[in-house]
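**Q** Here you go, one structure.
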Amino acid sequence: MNIDIFHHLDTIRNEAFKLPGVTERPCYGTPGFYTGKKLFARLSGEGNILVIYTEERDKWMKQDPETFFITSHYKNYP
């Protein structure tokens, strides 16, 4: 799938800011979304993936593996 996530950044922001206490600040040179000091989502450096940090990643990947997947970079991280 070849998607330029930066094209959808306004939609991502609108959804993220519906959550309580969310702020946006840079994370490795791309927009990152935080609750307090905890990062929960950011755009990948290539701009084609929205990285979401969740303790339920296995559940999401099993439910819809075409949409939710993990790159080798994140395999050893929670």
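**Q** Between a first residue in region 59-78 that is touching a residue at least 60 places away in the same chain (Cβ under 8 Å) and a second residue that is of a type outside the set (Asp, Glu) and assigned to a loop (DSSP other than H, G, I, E, B), which pairs have beta carbons less than 7 Å apart while being 6 or more apart in sequence or on different chains?
**A** none
**Q** Another question about this same structure. For region 47-58, which positions are in contact (Cβ under 8 Å) with a residue 40 or more places away in the chain and open to solvent by 50 Å² or more (accessible area, probe 1.4 Å)?
**A** Across region 47-58, the qualifying residues are Asn48, Leu50.
**Q** I'd like to know if region 66-75 contains one or more residues that are open to solvent by less than 90 Å² (accessible area, probe 1.4 Å), over 20 Å from Leu9 (Cα atoms) and among the aromatic types (Phe, Trp, Tyr).
**A** Yes: one or more hits.
**Q** Let me ask something additional. Please find, within region 29-46, the residue that is surrounded by the most Cβ atoms within 10 Å (Cβ to Cβ) out of those that are among the small types (Gly, Ala, Ser) and part of a loop (DSSP other than H, G, I, E, B). If you could, list the steps in order and put the result at the bottom.
**A** So in region 29-46, the residues among the small types (Gly, Ala, Ser) come out as 29, 32, 36, 41, 44-45.
Pick out the ones that are also part of a loop (DSSP other than H, G, I, E, B) and you get 29, 36, 44-45.
Working: Gly29: 9, Gly36: 8, Ser44: 14, Gly45: 12.
Per the stated criteria, the residue is Ser44.
The values are calculated or read from the model by the stated rules, or taken from the named source; none is laboratory data. Being a predicted model, the structure only gives us computed values, none of them experimental. A quick note on method: Cβ atoms are made from the backbone with ideal geometry, for glycine too, and the neighbour counts reach across all protein chains shown. Only protein heavy atoms, including side chains, enter the accessible area calculation; ligands, DNA and RNA are left aside. Shrake-Rupley method; radii C 1.70, N 1.55, O 1.52, S 1.80 Å.
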